Amino acid sequence: MKLAFDAKRITHNATGLGNYSRFIVNSLINSYPENSYHLYSPDKGKEHLRALIPEQENVIFHYLENEILGSLGKAWWRSCGIIGDLKKEKPALFHGLSNELPFGLSKAGIPSVVTIHDLIFIRYPQFYKTIDRNIYNFKFRKACLLADKIVAVSEMTKQDIIRIYKVPEEKIDVVYQGCDVSFLQQAESNKLSEVKNKYNLPEHFILNVGSIEQRKNLLLIVKALKQSGKDIRLIAIGRRTPYTETVEQYIRENNMQEQVTILNNVSFDDLPAFYQLASLFIYPSFFEGFGIPILEALNSGTPVIAATGSCLEEAGGPDSLYINPEDVNDLNEKINWILTTPSQAEHMRTAGKEYAKRFLDQAIAQDIMNVYQKII
């Protein structure tokens, strides 16, 4: 069977939608090698990301032939021009992995699936520019209308799609996402030492991974550490945004420069070691579609504290701890409990690894294939 995918995020995004897209495609390739996988991207993107899905006999990348058209031309191709290329290949279906679909698939006789990750821009409009909200709303709503089936990455996202876009429940299947297999493997001791020395990591530290933006709520962790008075480092890894300066200003004003380190240049190869070296992972985001970093932590055997209010309980399971994302006292108390109660930390490590097994790639690949079988 010939399957086609929107691969822009595969070749351009190192985290988030990129990780999801690569995970789904790699899981399908490994579980169903008899199929052929056609990946459509407006350009070749970043070589190190493209290499994470090696091109082979049954894995073919397709790019816009005339790249001199620039960003507008690439956007047009991804939304419309791609239909001509798809007609030549005649795939059994097209899967939009990141909230959108090209126009004209149904007229071309190509069944379609779209993955909707979240509708955060509607729930928390204050975190987005008006023009961005309008573009997202148009693309997401249109994709939900055009798709033959919708994959929601959590039950929370499914209910939002039904409530906001009035999509029939039977059109939506919840298929959870997993994390890269590298987080399931114990890093070699020399790799752990290399990462520890490379980034000057202490023996014990708290870890946070994700873009440094207001919605992710890094400042709550910094304030909780200030309140606790504990001598433990916080390592935050993520892309910088204007919100980063807000966090750094608080750090400077409270003389916490030696306690908080923000890194934005960590390679993907080093990331599993960070999780395995960390004493605790905290993810206090106000809202997420799912929360892959939580799975990365659970698979690494790292205790997790996450926020209530979205779907993070679905990702973290019953043995992670949860806090109100606006309650510094609550977070401070739970940090103290885990760091001073070895038996609790050990229970969370063991139970978390067990819970994470439900998100293994083979099971998710089968769930995705079951969705495909309903429309072809």
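Couplings 3J(HN,Hα) for the stretch 24-41, derived from phi with the Karplus relation 6.51 cos²θ - 1.76 cosθ + 1.60 (θ = phi - 60°), are 4, 5, 4, 5, 5, 4, 6, 8, 9, x, 6, 7, 10, 10, 10, 10, 9, 9 Hz, where x marks Gly and Pro. Qualifying trypsin sites (Lys or Arg not before Pro) in the stretch 280-376, where qualification requires a DSSP coil assignment and no more than 16 other C-beta atoms within 10 Å, comprise LYS374.
Candidates LEU201, SER343, ALA297 compared by Cα position along the dipole of the stretch 181-359: farthest toward the positive end lies LEU201, with charges placed on Cβ. Specify whether the C-alpha gyration tensor of the chain places it in the rounded, prolate or oblate class, a ≥ b ≥ c being the square roots of the eigenvalues: rounded for a/c under 1.5, otherwise prolate if a/b is larger than b/c and oblate if not. In terms of gyration-tensor shape, prolate. For the pair ILE164 and HIS347, label points projected 7 Å from Cα toward Cβ lie 3.7 nm apart. Rounded to the nearest 20, the size of the Cβ-charge dipole of the chain about its Cα centre is 1040 debye, with Lys and Arg at +1 and Asp and Glu at -1. Residues with beta-carbon under 13 Å from that of ALA51, excluding ALA51: net charge, scoring Lys, Arg +1 and Asp, Glu -1? Taking every other residue near ALA51 into account, the sum is +1.
The GluC sites (Glu not before Pro) found in the stretch 119-188 that occupy coil by DSSP, while having at most 15 further C-beta atoms within 10 Å, are GLU188. Taking a ≥ b ≥ c as the square roots of the Cα gyration tensor eigenvalues, the stretch 181-359 comes out rounded, since a/c falls below 1.5.
Rounded to the nearest whole Hz, the Karplus-based 3J(HN,Hα) values (6.51 cos²θ - 1.76 cosθ + 1.60, θ = phi - 60°) of the stretch 266-273 follow the sequence 7, 6, 4, 5, 8, 4, x, 5, with x at glycine and proline.
Karplus-derived 3J(HN,Hα) values for the stretch 236-253, using 6.51 cos²θ - 1.76 cosθ + 1.60 with θ = phi - 60°, are 10, 10, x, 5, 6, 9, x, 5, 4, 5, 4, 5, 5, 5, 5, 4, 5, 5 Hz; glycine and proline are entered as x. Placing +1 on the Cβ of every Lys and Arg and -1 on the Cβ of every Asp and Glu, with nothing else charged, gives the stretch 181-359 a dipole about its Cα centre of roughly 200 debye. A Förster radius of 35 Å combined with the Cβ-Cβ distance from GLU253 to ALA363 puts the calculated FRET efficiency at roughly 0.15.
Between TRP337 and ASN265, the contour length at 0.36 nm per residue exceeds the alpha carbon distance by 22.8 nm. Peptides 310-318, 123-131, 27-35 ranked from most to least packed give 310-318, 27-35, 123-131, packing being the mean of other C-beta atoms within 10 angstrom over each peptide's residues. The residues packed around ILE235, meaning those with a beta-carbon under 13 Å from its beta-carbon, carry a net charge of 0 if Lys and Arg are +1 and Asp and Glu are -1.
Taking 8 Å as the Cα distance limit and 6 or more residues as the minimum spacing, I'd like the relative contact order of the chain as a percentage. 15 percent.
A short reminder: the numbers here are calculations on the coordinates, not readings from a lab. Predicted, not measured: the structure shown is a model, and the values here were computed from it. Here the Cβ is made from the backbone with ideal geometry for all residues, glycine too, and neighbour counts use every protein chain on show.
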